[in-house]
Amino acid sequence: MAAHTAPDYQGGSIVNLMSSILHAHGGQATAPPLTGLAPELLASATNVVLLVIDGLGADWLAQHAPTGILQQHCAQVMTSVFPSTTAAAITTYLTGVAPLQHGITGWFTYLRELGCVMTVLTGRPRYGGQSYQAAGVEPALLFTTPPVFDHLTTPSVIVTPQFIATSDFNLAHRGRADLVGYEGLADLFRHLRQVLRRPRGKKRQLVYAYWPSLDSIGHKHGINSTPAIAHLHTLEREIADLMTAAAGTNTVLLVSADHGQIDTTAADQIMLADHPELADSLLLPLCGEPRAAFCYVRAGRVRQFEEYCQQVLGEQVTMVASQTLIEAGYFGLGAAHPHFDDRVGDYCLLPRGTRVIRDHLLSEKSYTQIGVHGGLSAAEMKVPLCVLSSR
């Protein structure tokens, strides 16, 4: 584990960024504030805008736009949470706490309360079917960590893609915030300009905005592809225009990310179907992420599982007991979510290098992602914090 980049929950992660934002807006936080971010910078701003760009890694940004507006205003590099994936990290942005507390541990999370593996963001069982509410499940009973917006003494606004704005997951984490849905990049920044100019008297506000397309482009084409780099430059132009339009509004724009990405090749794919002895030792499908797969081992098959991982896959994956990761603080510090142990299985498989490990259910079509994330490499774990001010 020494070569991995562990989350820095003591003062250098996105959890700590959210603690700083909470403190600046009258809230209380259990984690320390972010080291290096002056509290008075946020507390004195009329508008604090947090723009989360899905998939924007710190090392990738520095490599592909070293003189761009974001790198020029990169105040520091933070760590994501573990697993370094949207499901876990965006839930941290929306709740202000680490995965250990909010209990969301990956795209595929086993929810014992529902008796199945769920795609928690879309709210559907992994095999397909109805969403939470359509199946008669109240999301508030599953997502019990209060939204960060309910802790604030100032108004807040969520600006998010229209296609997920009213999803069960989003509504469960909206709290008291106003909700604005947008269609496309230009519409996102149009709404941000409107929100900054919205009459609120002398009230301060927090604006949380989420942009998913860089991550999607990376998955499809590769994060180091021409389309991904071109998209970064388009984002930077929009951000520059936003700051010009924000002149005189006393706005602080914080730009960060949920995680970075790495690119994989066909040779990096470890398919569970090619390892029937390993598959036979598992009770459930692989959960979590292809870069951090949680394994639920059948009773009496622990030795079979361990020996196979060590002797056959030892050069391709690192096998770690999930309890070891919990005790080492990889998921967060402090008291755990009451169902957390259920959601990380018995072991975590961390593919080495740029490898991934996957399985497929009968209902799932085979697919390939070039850009991936979820693991503990620096490229996946390190995200920038870019601070831009318009007084």
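Laboratory data are not the source of any read-out in this text; all were calculated from the coordinates shown. Treat the numbers as computed from the prediction; the structure is a model and nothing was measured. FYI the Cβ positions are ideal-geometry reconstructions off the backbone, even for glycines, and counts take in every protein chain you see.
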Among (1) 188; (2) 152; (3) 130, the value of volume of the Cα convex hull per residue in Å³ computed for this structure carries the label (3)
Candidates Leu56, Leu188, Leu286; GNM for the chain (alpha-carbon contacts under 10 Å) flags as most fluctuating Leu188
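All other residues with a Cβ under 11 Å from the Cβ of Ala245 taken together, and with Lys, Arg as +1 and Asp, Glu as -1, what is their net charge?
Numbers: positive: Arg190, Arg193, Arg197; negative: Glu238, Asp241.
Here the count lands on +1.
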If one takes the longest principal axis of the Cα atoms in the chain, at what angle in degrees, from 0 to 90 and to the nearest 10, does the Cα axis of helix 185-197 lie?
-> 40 degrees
Does anyone have the angle between helix 302-311 and the longest principal axis of the chain? Alpha-carbon axes, 0 to 90°, nearest 10?
-> 80 degrees
With Cα springs under 10 Å, the Gaussian network model of the chain assigns the largest mean-square fluctuation among Pro83, Pro146, Pro276 to Pro276
Quick one: among Asp241, Asp168, Asp263, which has the greatest mean-square fluctuation in a GNM of the chain with alpha-carbon springs under 10 angstrom?
-> Asp241
Share of antiparallel DSSP beta bridges in the chain, in percent to the nearest 5?
-> 55 percent
Translational diffusion coefficient, Stokes-Einstein: compute it for the stretch 125-250 using the Kirkwood radius over C-alpha pairs as Rh, at 37 °C and 0.692 mPa s, and state it as an integer in µm² s⁻¹.
-> 195 µm²/s
Relative to the longest principal axis of the chain, what angle (0 to 90°, nearest 10) does the C-alpha long axis of helix 14-24 take?
-> 30 degrees
